[in-house]
Amino acid sequence: MDNLIINPHTSEKAKTNIRIFKVLKNANKPEIKKQAENLLGLKVKKINIINVLPKTRQLGKIKGYKKGYKKAIIYLYEQEIKGKKSK
């Protein structure tokens, strides 16, 4: 199993029990769940995956595309988070 999680993605939606990461295009939910639990050391409640489509960009007459990516929204159990903070 390769490193599926690329980097954290900052967002206003990210609360105390929600983490958002950019992941590889070929990653699926069970693989992301295993790696997130190992990385964070917390139990994962559920995962939502979003494919962000490429966006068109224009600089003068030149048209191009901004890269698309896959984003994983990871919901954690709140009891686990509170237990980790108190230790």
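Annotations for the structure displayed:
- Evaluation of residue 78 against (1) of a type outside the set (A, V, I, L, M); (2) surrounded by 11 or more Cβ atoms within 10 Å (Cβ to Cβ); (3) in contact with a strand residue (DSSP E or B) (Cβ under 7 Å, 6 or more places away or on another chain) (one fails), failing number: (3)
- Positions within segment 1-40 being of a type outside the set (Val, Ile, Thr), in contact with a Lys or Arg (Cβ under 8 Å, 6 or more places away or on another chain) and either closer than 12 Å to residue 69 by Cα or modelled with pLDDT of 95 or more (or both), in sequence order: 7, 9, 21, 22, 24, 25, 27
- In segment 7-50, the residues that are part of a strand (DSSP E or B) and without any contact (Cβ under 8 Å) to a residue 24 or more places away in the chain: 7, 8, 50
- Test: residue in segment 51-60 that is hydroxyl-bearing (Ser, Thr, Tyr), on the phi < 0 side of the Ramachandran plot and modelled with pLDDT of 95 or more: yes
- Residue 61 passes every criterion in (1) of a type in the set (D, E, K, R); (2) under 14 Å from residue 5 (Cα atoms); (3) without any contact (Cβ under 8 Å) to a residue 24 or more places away in the chain; (4) out of contact with any strand residue (DSSP E or B) (no Cβ under 7 Å at 6 or more places or on another chain) apart from (2).
- For residue 83, the requirement of being part of a helix (DSSP H, G or I), without any contact (Cβ under 8 Å) to a residue 24 or more places away in the chain and among the small types (Gly, Ala, Ser) is met.
The values are calculated or read from the model by the stated rules, or taken from the named source; none is laboratory data. Since this is a predicted model, take the numbers as computed values, not measurements. Note that we place each Cβ from the backbone using ideal geometry, even for glycine, and neighbour counts take in every protein chain shown.
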